[in-house]
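The values are calculated or read from the model by the stated rules, or taken from the named source; none is laboratory data. Treat the numbers as computed from the prediction; the structure is a model and nothing was measured. Here the Cβ positions follow ideal geometry from the backbone for every residue, glycine too, while neighbour counts run over all protein chains shown.
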């Protein structure tokens with residue numbers, strides 16, 4: 001009987017604040033803005049300011065891919081800002097559309113990688129057929145993390161970390177494929 005009383009008394013544990021949780025909004029909003037700056041600076045010469053630097057896009061699918069992945073970064077900034085502002089009701093509704101958009105991005109990523117293979121594009125000095133596995137693996141990792149984030153949508157600490165890692169991985173591999181960063 002004492003065990004039951006002790007157990008039921010500890011059910012108010014959900015009100016306990018973890019030490020670092022109060023800085024989560026600041027951290028994730030700042031990181032999403034940093035990802036936005038990274039994406040813009042990484043793709044400025046080849047995509048965003050391509051007309052200024054005379055760097056035409058190789059095909060329409062690459063343009064669609066670039067626009068969709070840019071929108072993903074803007075969606076991340078919007079979502080983290082909504083949570084920081086306490087508007088989780090809008091965040092939830094937009095999140096469902098974001099999951100569907102993420103699924104579309106996976107398809108666009110595979111199409112862009114295939115287009116690059118057909119054009120014999122990719123990093124200089126690498127075999128394009130052998131390198132084709134890199135963007136496909138990146139899309140598989142992104143898809144897996146996106147699925148985990150969707151499944152953990154009722155667990156905010158896990159959800160936001162899955163989204164952050166998926167976006168960071170995707171941004172890192174995209175800028176490496178574009179020749180902006182070394183491939184790791």
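Identify, from the list 88, 46, the residue that is at pLDDT below 90, within 21 Å of residue 167 (Cα to Cα) and buried (at least 16 other Cβ atoms within 10 Å of the Cβ).
46
Might you check whether a residue that is on the phi < 0 side of the Ramachandran plot and modelled with pLDDT of 85 or more occurs anywhere in region 10-30? Before you say what the answer is, go through the steps one by one.
The initial filter retains those residues of region 10-30 that are on the phi < 0 side of the Ramachandran plot, namely 10-30.
Going one step further and asking which of them are modelled with pLDDT of 85 or more, we end up with none.
No; the residues of region 10-30 include none that is on the phi < 0 side of the Ramachandran plot and modelled with pLDDT of 85 or more.
If I ask for residues that are surrounded by fewer than 17 Cβ atoms within 10 Å (Cβ to Cβ) and either under 23 Å from residue 62 (Cα atoms) or in contact with a strand residue (DSSP E or B) (Cβ under 7 Å, 6 or more places away or on another chain) (or both), which ones from region 91-100 would you list? First the steps, then the outcome.
Of the residues in region 91-100, the ones surrounded by fewer than 17 Cβ atoms within 10 Å (Cβ to Cβ) are 92-94, 96-97, 99-100.
Residues satisfying the conditions are 97, 99, 100.
Looking at region 110-142 only, could you name the residues that are modelled with pLDDT under 80 and either under 18 Å from the mean Cα position of the chain (by Cα) or surrounded by 12 or more Cβ atoms within 10 Å (Cβ to Cβ) (or both)?
Those that are modelled with pLDDT under 80 and either under 18 Å from the mean Cα position of the chain (by Cα) or surrounded by 12 or more Cβ atoms within 10 Å (Cβ to Cβ) (or both): 121, 122, 123, 128.
If we only count helices (runs of 4 or more DSSP H) wholly inside region 31-149, which ones have 2 or more residues that are in contact (Cβ under 8 Å) with a residue 40 or more places away in the chain and in contact with a helix residue (DSSP H, G or I) (Cβ under 6 Å, 6 or more places away or on another chain)?
Of the helices (runs of 4 or more DSSP H) lying wholly inside region 31-149, those with at least 2 residues that are in contact (Cβ under 8 Å) with a residue 40 or more places away in the chain and in contact with a helix residue (DSSP H, G or I) (Cβ under 6 Å, 6 or more places away or on another chain) span 60-84, 88-118.
State whether one or more residues within region 50-59 are closer than 21 Å to residue 115 by Cα and at pLDDT 75 or above.
The answer is yes; a qualifying residue exists.
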